[in-house]
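Structure first, commentary second.
The values are calculated or read from the model by the stated rules, or taken from the named source; none is laboratory data. These numbers were taken from a predicted model, which means no experiment stands behind them. Cβ: placed from backbone, ideal geometry, glycine included. Neighbour counts: every protein chain shown. Ligands, DNA and RNA are stripped out before the accessible areas are found, and what is left, the full protein with its side chains, is counted by its heavy atoms. Shrake-Rupley method; radii C 1.70, N 1.55, O 1.52, S 1.80 Å.
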Amino acid sequence: KSFTTNYILSNFLAESDKNHVVVIDVGGSYRKLAQSFQGAYLEVRLADEFGFNPFPPSDQIMEKGQFDDDAVAYLSLLISRMCLGDGHSVTVEQKGLLERAIKGAYAKGEVLLQNVREELALLAKEQPAAKMFADALELWTAGMYGRLFNRPGTFDINKRLVVFDLQGLEDHPELQSVYFFVIRSIIWDKLMDRSLKKIIAIDEGWKFFNDDVGAELIENLYRTARKFNGAVFSISQSPVDFLETRAAKAIIANSYIKYILKLTKGHELLSQFDLNPNEIEA
């Protein structure tokens, strides 16, 4: 699967200087591709050098004073991912509180995660549910993860090919998962530039969105990328990995091209990928 993906991405990059690729990987399958195209290869670790701000500049999230609804929804889901444990989903009321806090922070200037936490603390005076999020964000602002997510970004992602290898975070699965979704914020500039064609390739990322919040985040990523002249590749070793995640429906419904390599088993599952009997037989 990695060889095939490298082949497709190589041809895409060779086709035009206006074609850009972002890869999210856990392993190292795209190191040579990055070297071949003089790309940026980032082995992400829990260290100061990998700090960044998940909140984009206001001119990227607002146009003529109007917020991009998809962008605000994505940021609110990202915060809920930081705050909620596995198996918990965000309620409509909680989404509303998070969106209010985000917009309130942007109304006062450029935003860091600490600013959103402060807005949630203010909202807690009238909406007690906001206090839970404000308290939970302490770990991500003043706690051990604050040096990663509560300061201006340090990444230069101007290269046409950027690979994020998250293997170095394997001892922090909750951090690995959040990082996966924050990468969308890192590549915001690239995503918003409609003059570029983009592919976001996610290799074995299904483990990061196997809950309700993750499913919503990945659906939002697909929708946003398509809106801005981009595509998302979700790559997995077997059909079972996709179908056992809560994000399966969002991925399949938003994937109009499927590449299926030779399988030794699991052919009976392919109908769930919208393949017809003739395609499955082939």
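A few comments on the model shown:
- Most fluctuating residue given options Leu217, Leu75, Leu123, as computed from a GNM of the chain linking Cα atoms under 10 Å: Leu123
- Note: segment 182-282, Cα convex hull, 100 Å³ per residue.
- Shape class of segment 57-193 from the alpha-carbon gyration tensor: oblate, with a/c at 1.5 or above and b/c at least as large as a/b.
- Computed over protein heavy atoms with a 1.4 angstrom probe, the accessible surface ordering of Asp135, Asp241, largest first, is Asp135, Asp241.
- Subtracting the Cα-Cα distance of Glu63 and Ala142 from their residue separation scaled by 0.36 nm leaves 25.3 nm.
- Sparsely packed GluC sites (Glu not before Pro) within segment 236-282, loop by DSSP, other Cβ within 10 Å at most 12: Glu244
- Per residue, the accessible area of segment 153-223 comes to 35 Å², computed with a 1.4 Å probe over protein heavy atoms only.
- When the trypsin sites (Lys or Arg not before Pro) in segment 37-132 are filtered for DSSP coil states and for at most 11 other beta-carbon atoms within 10 Å of their beta-carbon, the remaining sites are Lys64, Lys108, Lys125.
- Dipole of segment 242-281, positive direction: furthest Cα of Leu261, Phe242, Ser271, with charges on the beta-carbon: Phe242
- Between segment 1-57 and segment 140-178, the alpha-carbon center distance in angstrom: 14
- When the Gaussian network model of the chain links Cα atoms closer than 10 Å, the mean-square fluctuations of Ser255, Ser236, Ser271 top out at Ser271.
- Under the criterion of Cα pairs below 8 Å and six or more residues apart, the relative contact order for segment 138-268 equals 21 percent.
- Segment Ala107..Asp48, full-extension length gain: 18.4 nm, with 0.36 nm per residue of separation and the alpha-carbon distance subtracted.
- GNM flexibility winner over the chain from Ala142, Ala130, Ala73 (Cα, springs under 10 Å): Ala142
- Label-point separation in nm, Leu263 to Asn158, each point 7 Å along Cα→Cβ: 4.5
- Segment Lys207..Phe228, full-extension length gain: 5.0 nm, with 0.36 nm per residue of separation and the alpha-carbon distance subtracted.
- Percentage relative contact order, the chain, counting C-alpha pairs under 8 Å, at least six apart: 27
- For a label point 7 Å along the Cα-to-beta-carbon line of Gln272, residues of segment 210-235 with backbone N under 17 Å: 210-212, 215, 235
- Taking all Cα pairs closer than 8 Å and separated by 6 or more residues, the relative contact order of segment 73-206 comes to 19 percent.
- Antiparallel DSSP beta bridges within the chain, as percent of all bridges there, nearest 5: 10
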